[in-house]
Amino acid sequence: MKKELSLMPLMEAGVHFGYSRTKRHPTVTPFLYGSKGGVDIIDLEKTAPQIEAAANFMAELGAAGKTVLFVGVKPEARSSVTEVASSLKQPFVTERWIGGILTNFSEIKRRISRLEKLNEDKASGDFAKYTKKEQMLLGREVERLNKFFSGLSGITKIPDAIVVVDSKKEHIAIKEARKVGVPVIAIGNTDCSIRNISYPIIANDSSSSSINAILGILKNAFSK
């Protein structure tokens, strides 16, 4: 990013609101402004450079035509993750993280291929050749696969990076990424560890407005 990030939009979005001091993870202490009423306040002057670093990396990925997997299963993140990833034509996970998405991709790709084939058969009317019971079972399979894998449809290889909302909740995704060498951009509140994260962003991860603000910046950087 060429110009310095303005702090006012971040403050208006509530990016600075942390959790209670009792939930604080020691690794985020240097990024705090202080506490008010027992609640940690994040220092946006330190968060802004983190967002800028992540945005610069996203810009590099976008310019190189790389694939970025967006992950956010908490209710506050789902709509924003879906919107941003879909607008960038990138894969996303907004339901439960299925173990092996990164560490056992061949099996995940098999399930994605199965979903794509079933959707094609359903759209073409091929389901009509089955009995009613078989159609019902196939319908349930499609519903189940769509729930967990529709956001991954079209992905053919392990992504080049992942963007995670709530690094504590998505620790399995981060662990898998680390194992296969995939860089991680992670939004994490004051209860999250910033260890083993390539581009940590200490910020409010439990507010839709905060998540929207940060993902919006990353989205714009990637699409430039």
*Conditions: (1) within 18 Å of Gly72 (Cβ to Cβ); (2) assigned by TED's automatic domain parsing to the domain that holds Ala53. Lys147 meets all but one. Number of the miss?*
(2)
_Looking only at region 29-70, count every residue that is in a strand (DSSP E or B), of a type in the set (A, V, I, L, M) and touching a residue at least 40 places away in the same chain (Cβ under 8 Å) and tell me the total._
4
*asked:* I'd like the full set of residues that are part of a strand (DSSP E or B) and surrounded by fewer than 24 Cβ atoms within 10 Å (Cβ to Cβ), limited to region 189-224.
replied: Tyr199
*If only one of Ala186, Ala177 is crowded, with 23+ Cβ neighbours inside 10 Å, small (Gly, Ala, Ser) and assigned to a helix (DSSP H, G or I), which one is it?*
Ala177
_Close pairs (6 angstrom Cβ cut-off, 6 or more residues apart or separate chains): closer than 14 Å to Leu218 by Cα and assigned by TED's automatic domain parsing to the domain that holds Ser210 in region 71-87, of a type in the set (Lys, Arg) and modelled with pLDDT of 95 or more anywhere_ = Val84/Lys219
_Any residue in region 136-157 that is over 13 Å from Phe92 (Cβ atoms) and in contact (Cβ under 8 Å) with a residue 60 or more places away in the chain sitting within a Cβ distance under 8 Å of a residue that is in a helix (DSSP H, G or I) and among the polar types (S, T, N, Q)? List the pairs, counting only those 6 or more apart or interchain._
none
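The values are calculated or read from the model by the stated rules, or taken from the named source; none is laboratory data. No experiment lies behind these values; they were computed from the predicted model shown. Cβ coordinates were reconstructed from backbone atoms using ideal geometry, including for glycine residues, and neighbour counts include every protein chain displayed.
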